[in-house]
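The values are calculated or read from the model by the stated rules, or taken from the named source; none is laboratory data. Note that this is a predicted model, so its numbers are computed, not measured. Every residue, glycine among them, receives a Cβ derived from its backbone with ideal geometry; neighbour counts consider all protein chains shown.
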Protein chains: 2
Amino acid sequence: MRAAVMYGAGDVRVEDRPDPKIIDPTDAVVRTLAACVCGSDLWPYASMPATDTGRPMGHEFLGIVEETGPEVTGLKTGDVVVTPFTYSDNTCDYCVKGLHISCRNGGRYGFDGGQGEAVRVPHADGTLVKLPVAADSALLPSLLALSDVMTTGHHGAVTAGVGRGDAVLVVGDGAVGLCAVIAVKRLGAERIVLAGRHEARTNLGREFGATDVVAERGEEGIARIRELTGGVDKVIEAVGTRQALDTALGAVLDGGTISRLGVPQYEQGPIGPAEFMRNITLTGGASPARAYIEQLLPDVLDGAITPGRVFDRTFSLDQAPDAYRAMADRQVLKALIRP
Amino acid sequence: MRAAVMYGAGDVRVEDRPDPKIIDPTDAVVRTLAACVCGSDLWPYASMPATDTGRPMGHEFLGIVEETGPEVTGLKTGDVVVTPFTYSDNTCDYCVKGLHISCRNGGRYGFDGGQGEAVRVPHADGTLVKLPVAADSALLPSLLALSDVMTTGHHGAVTAGVGRGDAVLVVGDGAVGLCAVIAVKRLGAERIVLAGRHEARTNLGREFGATDVVAERGEEGIARIRELTGGVDKVIEAVGTRQALDTALGAVLDGGTISRLGVPQYEQGPIGPAEFMRNITLTGGASPARAYIEQLLPDVLDGAITPGRVFDRTFSLDQAPDAYRAMADRQVLKALIRP
């Protein structure tokens, strides 16, 4: 099969790889219909040391079950399925709590990646969610968004405790930030301030439900948010930089909650006496996407939410190197790859 | 009147001070019946630079209303009252949310302190809570504990989201940690692990409801807690050191919550990718004691909880210097002062 493999920073190649096979009895092999490039794929694209062996890429995909191992009972050949961005058994104590990201038997894709023609999926029964659509459904992009960005945005809204009538700040106009706007709107937020400076993206954010856009950064951005809202009780930080966290801390009211969705690009952060006296809660983290797919699925199927709109360009598998380049250059918000 | 005044590290003196008077129309003057030395009083006792002017001490007290300003409507001379450790108007947006510690018109005591014969209380209607007891009630110590340690312990339990059947770790066997044990027990926790190494205190913790005591510290302590519990979902960190936070992080399960009650003795802390991937929530902070006094009062009045047991020695006002010394030397858990 053909698949995208990264050999170092800026070096993604599409090449022939062995076809994935059932190894464990709980595996399935999924023929990929659509996949995406994740924001986190851009980190190795920016910094990975050159290697001879290469690393198959892609952990967000949707496809058709081609083969199942002897212990897979809930899926059969021909099922259309979406995967969360990590696999999980859906039975361990963490999965039972809805924290599939910490599954005792789970992990990240990587042996053969989703940006290819087929993928071996471990713990297929626990991982894959069957979709009641045909392989040519117009809904595929929005269903694919459930593999990561939409379920991640929803995780921010849930952990921030967003509810009806809330004022919420979303920091970051990437695909996760925009999906967070969808999520907080869906949970009833009334005032949704989106902090971002890329106009095409913030315009999409407005269509998703943002009531205000703040393009200023740093102290100026905080002042503007405070001027607009008087401060907010709930913030979703969908970037991961210290500046984004500082914006969140500056805009949040005492007693408020900051939910982080962007993987922190820092090891230590401000949780000293000042934040303590203000009773700031810091929550969020890596999304247990699997826990949310079935929750959000009905809203995607009936068109109530359309997170697939974050995919602003489609690439063939052979164009995967272009997809990376376009996302890294911020010419494309989120790339859809159709093998 | 006589009052305790700190002139520098290790230097507390009891001396004559002007009698407090009504200044603002919302003030009351309270004649002190009982006061305490707070753990936070020990920081200046350890490190305050010497001064000529001195700083009146004490922000936890209980007493009798002596005089009220013309705008005070809810209190009258002779009422027995307890104060939270900060004053607050009980009407601003923060107070309405129950976050009295951030009151827009609130603040900390300090002009004339609670460790004295009388105190001017600003925003008396918003601050003081009337107690349905006589001035010689045997319940005074437990009622006095509502001014800080008991309401602070409760804040930890509330912000950690403790509920029926939970397993909870309380780090720290000081008065706040012990009151946190009372609070989590009161909210239905089943397994309560108390981390502390001062045997008299951990024994009191057991009487308050701790099911297990872990005396080991650092990695050894974490291993012991994990061995006992398999990890806990909720931790109350009632110390404030980095070591205590590290113990909390080591013992908490992925997706768990750490509520901090000890003022952090650090500015930056570990909130990087590792904690992010684990979905750790960091919450808690300075307690809005005023919000909780009426909630906890019935349980104190009917003897369901007895937080006053943390006071293990009573001092006269003239003995205030001894009270500080005894607490600083850890000979006394919490000192009660009776002017």
For segment A:77-89, the count of residues that are over 19 Å from A:SER137 (Cα atoms) and surrounded by fewer than 20 Cβ atoms within 10 Å (Cβ to Cβ) equals 1
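Okay, residues lined up against (1) over 14 Å from B:LEU62 (Cα atoms); (2) of a type in the set (A, V, I, L, M); (3) touching an Asp or Glu at 6+ places or on another chain (Cβ under 8 Å):
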position: B:GLY113; (1), (2), (3): no, no, no
position: B:ALA135; (1), (2), (3): no, yes, no
position: B:ALA138; (1), (2), (3): no, yes, no
position: B:LEU143; (1), (2), (3): no, yes, no
position: B:SER147; (1), (2), (3): no, no, yes
position: B:HIS154; (1), (2), (3): yes, no, no
position: B:VAL162; (1), (2), (3): yes, yes, no
position: B:VAL171; (1), (2), (3): yes, yes, yes
position: B:ALA180; (1), (2), (3): yes, yes, no
Restricting segment A:202-243 to residues that are under 15 Å from A:ILE182 (Cα atoms) and among the hydroxyl-bearing types (Ser, Thr, Tyr), the one nearest to the chain's Cα centre (by Cα) turns out to be A:THR202
Here the qualifying pairs (Cβ atoms under 6 Å; residues six or more apart or on different chains; first in segment A:257-268 and at the interface with another protein chain (Cβ under 7 Å from one of its Cβ atoms) and at pLDDT 95 or above; second part of a strand (DSSP E or B) and surrounded by 15 or more Cβ atoms within 10 Å (Cβ to Cβ)) come out as A:ARG260/A:GLU237; A:ARG260/A:GLY284
Picking from A:GLY114, A:GLY110, the residue that is away from every other protein chain (no Cβ under 14 Å), crowded, with 24+ Cβ neighbours inside 10 Å and modelled with pLDDT under 95 would be A:GLY114
Apart from one, (1) assigned by TED's automatic domain parsing to the domain that holds B:THR202; (2) touching a Lys or Arg at 6+ places or on another chain (Cβ under 6 Å) all hold for B:VAL81; the odd one out is (1)
Query raised in the report: If we scan segment B:298-321, do we find a residue that is touching a residue at least 12 places away in the same chain (Cβ under 8 Å), at the interface with chain A (Cβ under 8 Å from one of its Cβ atoms) and over 22 Å from the mean Cα position of the chain (by Cα)?
Result: no
Item checked: B:GLU275 being facing another protein chain (nearest Cβ under 9 Å) and among the charged types (D, E, K, R) -> yes
Within segment A:150-179, residues being closer than 19 Å to A:PHE85 by Cα, in contact with a Leu (Cβ under 8 Å, 6 or more places away or on another chain) and buried (at least 24 other Cβ atoms within 10 Å of the Cβ) number 12
For this session: Considering every residue within segment A:182-189, establish whether at least one is more than 14 Å from chain B (Cβ to nearest Cβ), touching a helix residue (DSSP H, G or I) at 6+ places or on another chain (Cβ under 6 Å) and closer than 20 Å to B:GLN268 by Cα.
Result: no
Taking B:PRO273 as the residue in question, decide whether it is at negative phi and not assigned by TED's automatic domain parsing to the domain that holds B:LEU228. no
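Look at A:ARG17 and say whether it is closer than 19 Å to A:ALA320 by Cα, within 25 Å of the chain's Cα centre (by Cα) and of a type in the set (D, E, K, R).
no
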The number of residues in segment B:35-49 that are polar (S, T, N, Q) and in contact (Cβ under 8 Å) with a residue 60 or more places away in the chain is 1
Inspect all residues belonging to segment A:225-245 and state whether any of them is facing chain B (nearest Cβ under 7 Å) and either buried (at least 24 other Cβ atoms within 10 Å of the Cβ) or in contact (Cβ under 8 Å) with a residue 40 or more places away in the chain (or both). no
message: Condition check: touching a helix residue (DSSP H, G or I) at 6+ places or on another chain (Cβ under 7 Å), surrounded by 17 or more Cβ atoms within 10 Å (Cβ to Cβ), within 14 Å of chain A (Cβ to nearest Cβ) and not hydroxyl-bearing (Ser, Thr, Tyr). Does B:ALA248 satisfy that?
response: no
Q) Does A:GLU219 meet the test of being of a type outside the set (A, V, I, L, M, F, W, C), within 14 Å of chain B (Cβ to nearest Cβ) and more than 17 Å from A:ASP166 (Cβ to Cβ)? A) no
Looking across segment B:14-57 at residues that are more than 13 Å from B:ALA4 (Cα to Cα) and basic (Lys, Arg), the single one that is surrounded by the fewest Cβ atoms within 10 Å (Cβ to Cβ) is B:LYS21
Restricting segment A:60-100 to residues that are more than 17 Å from A:THR151 (Cβ to Cβ) and acidic (Asp, Glu), the one nearest to the other protein chains (Cβ to nearest Cβ) turns out to be A:ASP93
Exercise for review: Could you please let me know if B:THR202 is in contact with a Gly (Cβ under 8 Å, 6 or more places away or on another chain), more than 14 Å from every other protein chain (Cβ to nearest Cβ), of a type in the set (Ser, Thr, Tyr) and closer than 26 Å to A:CYS92 by Cα?
Suggested key: no
Restricting attention to segment B:120-140, does a residue exist that is basic (Lys, Arg) and over 30 Å from B:LYS76 (Cβ atoms)? no
Taking segment A:297-326 and keeping residues in a helix (DSSP H, G or I) and in contact with a helix residue (DSSP H, G or I) (Cβ under 6 Å, 6 or more places away or on another chain) leaves A:VAL300, A:PRO307, A:GLY308, A:VAL310, A:TYR324
By residue number, the members of segment A:180-205 that are more than 22 Å from A:MET327 (Cβ to Cβ) and surrounded by fewer than 18 Cβ atoms within 10 Å (Cβ to Cβ) are A:LEU187, A:GLY188, A:GLU190, A:ARG191
Kindly evaluate A:CYS103 against the criterion of being within 14 Å of chain B (Cβ to nearest Cβ), touching an Asp or Glu at 6+ places or on another chain (Cβ under 8 Å) and at pLDDT 95 or above.
yes
Checked pairs for segment A:181-200, first within 8 Å of A:VAL168 (Cα to Cα) and in the same structural domain as A:THR229 (by TED's automatic domain parsing), second modelled with pLDDT under 95 and β-branched (Val, Ile, Thr), C-beta under 8 Å and 6 or more apart or across chains, list as none
Among (1) over 27 Å from B:VAL96 (Cβ atoms); (2) within 8 Å of another protein chain (Cβ to nearest Cβ); (3) touching a Gly at 6+ places or on another chain (Cβ under 7 Å); (4) surrounded by fewer than 21 Cβ atoms within 10 Å (Cβ to Cβ), A:PRO288 falls short only on (4)
